[in-house]
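Structure record follows, encoded as structure tokens.
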């Protein structure tokens, strides 16, 4: 089976005024379907840049990225938006929920954007919220939810359109250890149940320990790749 | 693409979340549309009222030919039967009738010597006049127009038979017509007083409105009788020409003018006059609307300002929307839908309050007119106070609503495009 995500020699340089900052200096790796992959590295190692590129939010200067077989460099802006809507789910460190929408509204949004009727969207969103254990909190706004609950809503939103890949940017970075651990467990469960590929950027050791594979990123280059012993347990 | 219903629902939610801001922005549109609709419906009402009065005051298919021109001070010769015959030959002219006016004449009642309210005495062919002005030459019941044998008969205008609102003369009463007549001979002039008793055979129905052909204060005697008065003779001051259609007035009036030496006559064309007045009123309305439209443009700038601020504030939200798969066009539509909703709300409320405003203005104007009329014209002329009824015009309503939406779209486009063009990575980093 071909890998669901292929990153081939990706380079990206940011220009800030006269200073050029090389964020990625040639990164290549694949992710298999159903794999739980973490990209581990210190801040400034290019993790977030890599995630943005994989999610089609930004374009690399060099190299190619294939998501579910399509070269995202060759997609138009609209097709890229559609790819993000249907094949990719994002989970962010700061949750990035829309503050004026309820938990349900936030989870419904990607379904509504995919041109599904409001009723169907609502059903799908409710089911997803039940899955992440928030069935009693669906009408609460983000400000009325705890950090852990907000991240669960964000995970539900990322998964509601049943994407191929879930990209998470430090999902536990803004949570305490206990709640963070719960979120890690939830993501693991979802990964097992739905067989979606998870690519998680983290410097949380618990998260890394739970992964099938850890890619160590430093100064825009892959320093090391470690297969987890637990993978075939 | 998102379903329109969802889009509108979402835009509505966004507007509702910022109630104060939304209502203030909408208020700008409301004020603009209120002014436009208020002035438009008032203008239409005024135009309708003035037009109606003019049409009541003037028969649009009757041209009035008078000797002399404004350049020569309207002092000229009189027309003769030959001139009447000449005009009759013109194409599209169906009826021509002359009139002699006797402005110095007095009409007094024989029994008590009371002077009647008649200002002007005219000598006319009654049969032709009925054909010329069928609306105006209607008798009150009990009277008749004099026949050929009733030489010394008189028909009074409605108000001419009254004095201070009291009827002082009626059908069958005898009145004395007296006037000074001057005869010009080559070397000298001779003046004498004409005095003759006439019998009233009919009273005209009320004309009502002002106008050139309002005969309420006139008295009429048969044309032939006047022609036989020494010193008066066949000397017509007015010729009336009826045309087939008010639209051909231009051709006919040119044709009449060509029958006479240049600048020696004046053809008064009521329909061109009415049209001129209509054009002027139209121009005034358009001018007022143009001024009112400025307020809507100001509202548009307000919308642009608020939406630009809103886009800045919602940068992160836009980033999130794009990250989860919203297309640029979807983001654009979201913001445009918000401005369109503002335009729609402002438009509808503005239209309603605009009609309200027009009634308030109409009421105020009518009050002002009545106040001015407390000093009645000593001549007792027949100008009624103008009571404007604003006219609800579906055209203006639709135009105003579309204009409101158009302004909102135009001014909302810049901020919406700004939102759509945001780079998702940058937008997500925005604090």
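The values are calculated or read from the model by the stated rules, or taken from the named source; none is laboratory data. Please read all numbers here as calculations on a predicted model, not as lab measurements. In this analysis, Cβ positions are derived from the backbone assuming ideal geometry, glycine residues included, and neighbour counts consider all displayed protein chains.
Quick notes
- Taking the range B:63-158 as the region of interest, the strands (runs of 3 or more DSSP E) fully inside it that hold 3 or more residues being under 30 Å from residue B:258 (Cβ atoms) and assigned by TED's automatic domain parsing to the domain that holds residue B:215 are B:93-102, B:120-124.
- Residue A:86 out of contact with any helix residue (DSSP H, G or I) (no Cβ under 8 Å at 6 or more places or on another chain) and farther than 21 Å from residue A:213 by Cα: yes
- Residue selected from the range B:9-38 under the condition within 13 Å of chain A (Cβ to nearest Cβ) and buried (at least 16 other Cβ atoms within 10 Å of the Cβ), by the criterion nearest to residue A:110 (Cα to Cα): B:10
- Looking across the range B:394-425, the residues that are within 26 Å of the chain's Cα centre (by Cα), buried (at least 18 other Cβ atoms within 10 Å of the Cβ) and more than 19 Å from residue B:25 (Cα to Cα) come down to B:396, B:397.
- Selected residue (criterion: nearest to residue A:90 (Cα to Cα)) from residues of the range B:313-325 that are touching a residue at least 40 places away in the same chain (Cβ under 8 Å) and facing another protein chain (nearest Cβ under 10 Å): B:323
- Against the list (1) in contact with a helix residue (DSSP H, G or I) (Cβ under 6 Å, 6 or more places away or on another chain); (2) in contact (Cβ under 8 Å) with a residue 40 or more places away in the chain; (3) within 14 Å of chain A (Cβ to nearest Cβ), the condition residue B:330 fails is (1).
- Tally, over the range A:69-87, of residues that are assigned to a helix (DSSP H, G or I) and within 18 Å of the chain's Cα centre (by Cα): 8
- Counted residues, the range A:210-233 - those being within 17 Å of residue A:40 (Cα to Cα) and either assigned to a loop (DSSP other than H, G, I, E, B) or within 16 Å of the chain's Cα centre (by Cα) (or both): 9
- Considering the conditions (1) touching a helix residue (DSSP H, G or I) at 6+ places or on another chain (Cβ under 8 Å); (2) surrounded by fewer than 20 Cβ atoms within 10 Å (Cβ to Cβ); (3) more than 28 Å from residue B:198 (Cα to Cα), residue B:85 is excluded by exactly one of them, (1).
- Meets criteria (in contact (Cβ under 8 Å) with a residue 12 or more places away in the chain, within 17 Å of residue B:406 (Cα to Cα) and assigned to a helix (DSSP H, G or I)) for residue B:303: yes
- In this structure, residue A:72 qualifies as free of Cβ contacts under 8 Å to residues at least 40 places away in the same chain and in contact with a strand residue (DSSP E or B) (Cβ under 6 Å, 6 or more places away or on another chain).
- Of all the residues in the range B:159-200, those that are out of contact with any helix residue (DSSP H, G or I) (no Cβ under 9 Å at 6 or more places or on another chain) and not in a loop (DSSP other than H, G, I, E, B) number 25.
- Residue in the range A:33-43 that is free of Cβ contacts under 8 Å to residues at least 60 places away in the same chain and either assigned to a strand (DSSP E or B) or within 14 Å of chain B (Cβ to nearest Cβ) (or both) present: no
Okay, residues lined up against (1) at pLDDT 85 or above; (2) in a loop (DSSP other than H, G, I, E, B); (3) crowded, with 20+ Cβ neighbours inside 10 Å:
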position: B:312; (1), (2), (3): yes, no, no
position: B:318; (1), (2), (3): yes, no, yes
position: B:322; (1), (2), (3): yes, no, yes
position: B:338; (1), (2), (3): yes, no, yes
position: B:350; (1), (2), (3): yes, no, yes
position: B:364; (1), (2), (3): yes, no, no
position: B:370; (1), (2), (3): no, no, no
position: B:387; (1), (2), (3): no, yes, no
position: B:390; (1), (2), (3): yes, yes, yes
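- Within the range B:166-177, residues that are in contact (Cβ under 8 Å) with a residue 12 or more places away in the chain sit with their Cβ atoms under 7 Å from residues that are part of a loop (DSSP other than H, G, I, E, B) and surrounded by fewer than 16 Cβ atoms within 10 Å (Cβ to Cβ), at 6+ positions apart or across chains, in these pairs: B:168/B:114; B:171/B:142; B:174/B:110; B:175/B:110; B:176/B:110.
- The lone exception for residue A:182 - which of (1) in a helix (DSSP H, G or I); (2) within 14 Å of another protein chain (Cβ to nearest Cβ) it fails: (2)
- Once the range A:190-209 is narrowed to residues that are assigned to a helix (DSSP H, G or I) and in contact with a helix residue (DSSP H, G or I) (Cβ under 9 Å, 6 or more places away or on another chain), the residue that is nearest to residue A:67 (Cα to Cα) is A:194.
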